[in-house]
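Since the structure comes first, as structure tokens, the remarks are kept for the end.
Nothing in this text is a laboratory measurement; each read-out follows from the coordinates by a stated rule. Given the structure is predicted, the values throughout are model-derived calculations rather than measurements. As a convention, Cβ positions derive from the backbone with ideal geometry for all residues, glycine included, and neighbour counts pool all protein chains shown.
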Amino acid sequence: MKTTGQVAGIISNIVIVKVDGPVGQNEICSVYLGDTKMMAEVIKVTGDKAYVQVYDSTRGLKIGDRVEFEGHMLEVTLGPGILSRNYDGLQNDLEKMDSLFIQRGSRTEPLDFDATWEFTPLAKAGDPASAGSWLGEVTEKWIKHKIMTPFAMNGQYTVKSIVPAGTYKTTDTVAVLTDTDGKEYPVTMVQRWPVKQAIKAYQEKPRPTRIMETGVRAIDTFNPIAEGGTGFIPGPFGAGKTVLQHAISKQADADVIIFIACGERANEVVEIFTEFPRLDDPRTGHKLMERTTIICNTSNMPVAAREASVYTGMTIGEYYRAMGLKVLILADSTSRWAQALREMSNRLEELPGQDAFPMDLPAIISNFYARAGLVHLNNGATGSVTFIGTVSPAGGNLKEPVTESTKKAARCFYALSQGRADSKRYPAIDPLDSYSKYLEYPEIVEYLDGRIEKGWVDLVYKGKTLVQRGKEAYEQINILGDDGVPAEYHERYWKSELIDFVILQQDAFDATDANCPIERQQYMYNLVLDICDKSFRFGEFTQCTEFFKQLINIFKQMNYSEFKSDKFEDYRRQIDQLVEGQVSTPKEA
Ligand SMILES: Nc1ncnc2c1ncn2[C@@H]1O[C@H](COP(=O)(O)OP(=O)(O)OP(=O)(O)O)[C@@H](O)[C@H]1O
Ligand SMILES: [Mg+2]
């Protein structure tokens, strides 16, 4: 018997329900407004009162209206057919809905249950099975989508039977498992899982050992993110968070991308919906959308649905990770998620923390980031979820609670600076404030020695030091005046500018420059560092300025040319000549 209840109070989209039986924290219920059935989640229970947040507008709801509890938490449906879909935070298929402005109470099927798939068994009768073990596979787009023992099946099972290779419907039984008592469990290609619980069907979660290449130099070269790592991009309004995340989602070396557009402007979201399906994945030749799932809650959707969307995205990511795939999850912006938490907490009249965010905001954020990671699956395969969220700190204040809490949880920090954005130094990632803790991992240092070149991380620190010294020189020049400092100060400053213009700045809207493969990053970085190693001994600061401006100009054209093309090599020769000329004939004042 389902627990039912009656609406006893309404505070915006939080509804107080008097219940006639047991209800659980985070249980899902349906609130009836006439014939319209609205989904809601229990967020607090005291005595016979349940506080539920409704994922829809509660306009018109009355005291005494009926509520029915479902007996389970908010779940996602997992199975083949998730890739290239556009969902809202509750996994409604947006394509099946009339518009982005969803009708109240409307629900759609998250998967096409009538679709058929070519199933190939991977297990055979008599094999052991446990949560997450691979029973078979189907080809979804170009990914081998594993059909797994449902994650909710705790304990040890045995495969009693499995269907032969062939075409089956998503909901057909493809395997029958038995438990130690001989009880039978049919398994289909679909399973459900509560979004707020991490899927733990793996052996261990070791430290990451490789980097995920994004094609963005300021990330890969200067502050690489690990495969299975976490990072975040705080940045003031208009600093380039969305452009940067879109670049990463198009270029990153991942098998599956989940893009969570959380509370962003509807027009930006429409942009991804129209742009993504057209784009090709340069590594596979397939359409980018084939590996991408978009979860979208625009700012005009109910607040409560935003809170769900990040969890829905993470759970889908964990599902694909359990198939041994490399998953990248991007969320833009997690501040909107935190605002949803704040609104809920305020309506519940909970004791507020800093800036009225809930007291447990740091724990909520760190628990969420902790779900990312590299895992060794029980069968020895490896899968990963890499997570990068953006944060929009009000007024660019990095001391606000969401930024501070995220800083504790994420291991890469890509701080977008207003100053850089204002002077169009894109991506506006601040080279001195930003960091990647993965550069300190011996495993990653060793990996980069092999992937790029021996001693690579030392080169990275060398470049960072040059940028730091350039900044110090710049400050001195500003205080003492161009003529008030020795010419070396100008040289030091311009060397850091060279690194900035050639390596750190990158044009996200140029077909060639947007995506810089790691081999090209290595080539360019070494070229720039070699020049920085030279001592030019300019007689006058104006010579120095002139020289570097010319040099940067050629380098920029080089960045816009195809790697190692004739044009590219020609610019390379021009650079060599310019540098040779300056080194061999230092002009004395
Ligand atoms: N890498 C880049 N290359 C060139 N232009 C850029 C780049 N990044 C950002 N811009 C410019 O800055 C504008 C704002 O960027 P974006 O929308 O990503 O900012 P945002 O930080 O997401 O802003 P909001 O806080 O409003 O969400 C872009 O429309 C574009 O003109
Ligand atoms: Mg944005």
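Assuming 0.36 nm per residue, please report the length gained on full extension of the stretch Arg104 to His72 beyond their Cα-Cα distance. Each step should come with its number before you reach the end.
Working: separation 32, 0.36 × 32 = 11.52 nm, distance 2.19 nm.
Full extension of this stretch gives 9.3 nm more.
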query: Amide H to amide H, which residues 5 or more places from Leu279 or on other chains are under 5 Å from it, using H placed in the peptide plane?
result: Leu288, Met289
message: I need the peptides 220-227, 187-194 ranked by packing, meaning the mean over residues of other C-beta atoms within 10 angstrom, with the highest value on top.
response: 220-227, 187-194
task: Divide by every residue of the chain the summed helix terms, -39500 (n - 2.57) for each DSSP H run of at least 4, and state the resulting mean residue ellipticity at 222 nm, rounded to the nearest 500 deg cm²/dmol.
output: -10000 deg cm²/dmol
message: To make sure I understand, if each residue's beta carbon is the centre and we count other beta carbons within 10 Å, what order do Asp483, Asp253, Asp179 fall in, fewest to most?
response: Asp483, Asp179, Asp253
field: Overall Cα dimensions of the chain, principal axis frame, Å, largest first
entry: 93, 55, 40
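Using R₀ = 35 Å, calculate the FRET efficiency as 1/(1 + (r/R₀)^6) where r is the Cβ-Cβ separation of Asp482 and Glu562; round to 0.05.
Working: r = 38 Å, r/R0 = 1.09.
That gives a FRET efficiency of 0.35.
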statement: Computed curve, segment 169-296, Cα-only Debye sum without solvent term, log₁₀ I(q)/I(0) at 0.12, 0.19 Å⁻¹, is -0.69, -1.26
field: Whole-number percent relative contact order across segment 399-444, with pairs defined as alpha carbons under 8 Å at least 6 apart
entry: 35 percent
field: Nearby lysines by direct alpha-carbon distance to Lys549 (threshold 25 angstrom, same-chain neighbours under 8 apart not counted)
entry: Lys424, Lys462, Lys464, Lys471, Lys495, Lys534, Lys564, Lys567, Lys587
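Over the chain, what is the mean sequence separation of C-alpha contacts under 8 Å (at least six apart), divided by residue count, expressed as relative contact order in percent? Show your work: numbers first, answer last.
Details: 1238 pairs, mean separation 72.1, N = 589.
Computed over the chain, the figure is 12 percent.
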task: Treating cross-link reach as a plain straight distance, find the lysines whose alpha-carbon is under 19 Å from the alpha-carbon of Lys37, omitting any fewer than eight places away in the same chain.
output: Lys2, Lys18, Lys62, Lys96
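Which value does Rg/Rh take for segment 456-584 over its C-alpha atoms, Rh per Kirkwood? Provide the component values of the computation, followed by the final result.
Details: Rg = 14.9 Å, Rh = 15.3 Å.
A ratio of 0.98.
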query: Mind listing the phi-derived Karplus ³J(HN,Hα) values for segment 352-362, rounded to whole Hz, using 6.51, -1.76 and 1.60 with θ = phi - 60°, and x for any glycine or proline?
result: x, x, 4, 6, 6, 6, x, 4, 8, 3, x
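Translational diffusion coefficient of segment 211-441 at 4 °C, 1.567 mPa s, Stokes-Einstein with Kirkwood Rh over Cα pairs, in µm²/s as a whole number.
Numbers: Rh = 17.8 Å.
Value of D from the Cα-based Kirkwood radius: 73 µm²/s.
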- line: With no solvent term and unit scatterers on the alpha-carbon positions of segment 473-528, Debye gives log₁₀ I(q)/I(0) at q = 0.16, 0.18, 0.22, 0.24 Å⁻¹ of -0.61, -0.68, -0.80, -0.88
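Taking N as the number of residues in segment 4-73, what value does Rg over Cα atoms divided by 2.2 N^0.38 Å take? Can you show the working numbers first?
On the way: Rg = 10.2 Å, N = 70, 2.2 N^0.38 = 11.1 Å.
After normalising by residue count via 2.2 N^0.38 Å, the value is 0.93.
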field: Phi to ³J(HN,Hα) by Karplus 6.51 cos²θ - 1.76 cosθ + 1.60 over segment 334-348, Hz, x for Gly, Pro
entry: 6, 5, 5, 5, 4, 5, 5, 4, 5, 4, 4, 4, 5, 5, 7
- request: Mind checking which of Ala218, Trp456, Phe113 is farthest towards the positive end of the chain's charge dipole, using Cβ charges of +1 (Lys, Arg) and -1 (Asp, Glu) about the Cα centre?
  value: Phe113
task: Using only Cα atoms, locate the centre of segment 483-499 and the centre of segment 346-425, then give the distance between them in Å, rounded to an integer.
output: 37 Å
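Please arrange Glu41, Glu68 by how many other C-beta atoms lie within 10 Å of their C-beta, fewest to most. Provide the component values of the computation, followed by the final result.
On the way: Glu41 22, Glu68 15.
In order of increasing Cβ crowding within 10 Å: Glu68, Glu41.
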- request: Calculate how steeply helix 541-560 sits against the longest principal axis of the alpha-carbon atoms of the chain, using the helix alpha-carbon long axis, and give the answer as 0 to 90 degrees to the nearest 10.
  value: 40 degrees
- prompt: Can you list the residues, at least 5 places off or on another chain, whose amide H is less than 5 Å from the amide H of Ala226, using H built in the peptide plane?
  reply: Met212
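Multiply the residue gap between Arg573 and Glu204 by 0.36 nm, knock off their C-alpha separation, and tell me the result in nm, one decimal place.
Details: separation 369, 0.36 × 369 = 132.84 nm, distance 5.10 nm.
Separation in residues times 0.36 nm, less the Cα-Cα distance, equals 127.7 nm.
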query: Considering amide H positions built from the backbone, and no H for Pro or chain starts, which residues 5 or more places from Gly89, or on another chain, come under 5 Å of its amide H?
result: Cys296
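Looking at the chain, send over the antiparallel percent of its DSSP beta bridges, to the nearest 5.
Working: 69 of 97 bridges.
That works out to approximately 70 percent antiparallel.
Note down the relative contact order for segment 4-73 as a percent, whole number, built from C-alpha pairs under 8 angstrom at least six residues apart.
Details: 169 pairs, mean separation 28.7, N = 70.
About 41 percent, as a whole number.
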- request: For segment 211-441, give the magnitude of the charge dipole about the Cα centre (Cβ charges: +1 Lys/Arg, -1 Asp/Glu; no others), in debye to the nearest 20.
  value: 240 debye
statement: Scalar couplings 3J(HN,Hα) for segment 410-417 by Karplus 6.51 cos²θ - 1.76 cosθ + 1.60 (θ = phi - 60°), nearest whole Hz, x for Gly and Pro, are 9, 9, 10, 10, 10, 7, 7, 9
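Nearest 0.05, what FRET efficiency do Thr120 and Thr171 give at R0 = 22 Å with Cβ-Cβ as r?
Details: r = 18 Å, r/R0 = 0.83.
Efficiency, rounded to the nearest 0.05: 0.75.
Using Cβ counts within 10 Å as a stand-in for footprinting exposure, how do Cys412, Cys262 rank, fewest first?
If I rank by nearby Cβ atoms, fewest first, I get Cys412, Cys262.
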